[in-house]
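The values are calculated or read from the model by the stated rules, or taken from the named source; none is laboratory data. Everything numeric in this text was worked out from a predicted model, so none of it was measured. For neighbour counting, all protein chains shown are included, and Cβ atoms are generated from backbone atoms with ideal geometry for every residue, glycine included. SASA here: full protein model, heavy atoms, side chains in, ligands and nucleic acids out. Shrake-Rupley method; radii C 1.70, N 1.55, O 1.52, S 1.80 Å.
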Amino acid sequence: MDAERKEKIRQSLNHVHDWPSLYMSKFIVPTISDKFEALTKVFPGEIDLITKQSSNGKYTSVTIKIVVIDADEVFRIHKEVSLIEGIISL
């Protein structure tokens with residue numbers, strides 16, 4: 001992500017949230033894999049987790065709610081998740 005786009009997203013996050021703030025992230029994970037465990041390890045501390053399997057059972061949607069301290073933590077989390085092959089961030 002280029003610096004200009006990252007700064008626009010940072011400004012948007014800072015406009016919407018008063019830090020620390022509850023932040024929600026959504027992902028699609030292959031159901032039969034070790035990706036779910038890898039995903040949850042990215043998130044520090046206590047998380048609120050909701051999962052729903054696709055109709056064919058091949059994928060699981062994962063919604064994670066967590067309190068984050070600032071926009072930089074949001075960027076750090078999404079960067080770490082992007083390194084896990086096979087997970088789609090929404």
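The residue that is nearest to residue 90 (Cα to Cα), counting only those in the stretch 18-59 that are in contact (Cβ under 8 Å) with a residue 40 or more places away in the chain and not hydrophobic (A, V, I, L, M, F, W, C), is 26. Somewhere in the stretch 4-14, is a residue part of a helix (DSSP H, G or I) and open to solvent by less than 40 Å² (accessible area, probe 1.4 Å)? Yes. Residues in the stretch 31-90 that are in a helix (DSSP H, G or I), open to solvent by 50 Å² or more (accessible area, probe 1.4 Å) and within 19 Å of residue 18 (Cα to Cα): 72, 76.
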